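First the structure, in the form of C-alpha cells, and then the observations on it.
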Amino acid sequence: MQSDTLETDILTETETRLAEYCTAQCRQQFGLDASMTVTLEKAGQQVVVKKVVAAFPAGCTAAQKQAALSFLQQTLGTAPTAAEESTP
C-alpha cells in the first residue's frame, strides 16, 4: 500500500531528525561530539521510541556521559539501550 510506504518514510525522516537534534544538543550543552541513532515504531495510534543508541567520544568524562544520558531520557522518554565509546 502507498500509505504504508509514506508512513515508513515519515518514521525514517523523524528518526533522522531526532538523532540530529540530540547530537546537536549534546554538542551544544555538554561539549560532546557524540552521535545518536533513534529507532521509532508505531504502536497502535502512537509512535514510540523503540531504541536509542548513543556513541560517545573516547575522551568524554563520566559526568558528561551521565548528563547526556539524562538529557536523552528527558527528551526521548527512554534511556539509550546502548552507550558506546567511538574510536577516533
(request) Convert each backbone phi in region 12-29 into a coupling constant with the Karplus relation 6.51 cos²θ - 1.76 cosθ + 1.60 (shift: θ = phi - 60°), then list the ³J(HN,Hα) values in order as whole Hz, x for Gly and Pro. (result) 4, 5, 5, 4, 4, 5, 4, 4, 5, 4, 5, 4, 5, 5, 5, 5, 6, 7
(message) How high is the relative contact order of the chain? Use alpha-carbon pairs under 8 Å, at least six apart in sequence, and give a whole percent.
(response) 23 percent
(request) Read phi for every residue in region 31-40 and hand back ³J(HN,Hα) as whole Hz from Karplus 6.51 cos²θ - 1.76 cosθ + 1.60, θ = phi - 60°, with x for Gly and Pro. (result) x, 9, 8, 8, 10, 10, 10, 10, 10, 9
(request) For K65, list the lysines whose Cα falls under 22 Å from its own Cα; do not include residues on the same chain fewer than 8 positions away. (result) K50, K51
(request) Round to the nearest 10 and give me the degree value, 0 to 90, for the angle of helix 62-76's Cα axis relative to the longest principal axis of the chain. (result) 20 degrees
(message) Starting from the Kirkwood Rh over alpha-carbon pairs, what translational D in µm² s⁻¹ does region 1-49 have by Stokes-Einstein at 37 °C and 0.692 mPa s?
(response) 275 µm²/s
(request) Averaging over all projection directions, find the projected area of the Cα convex hull of region 19-73 and quote it in nm² with one decimal place. (result) 3.7 nm²
(message) For L32, what residues show an amide H to amide H distance below 5 Å, using hydrogens built from the backbone and excluding near sequence neighbours?
(response) R27
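None of the figures in this text is laboratory data; all of them are computed from the coordinates on show. Only a predicted model underlies this, so the values are computations on that prediction, with no experimental measurement involved.
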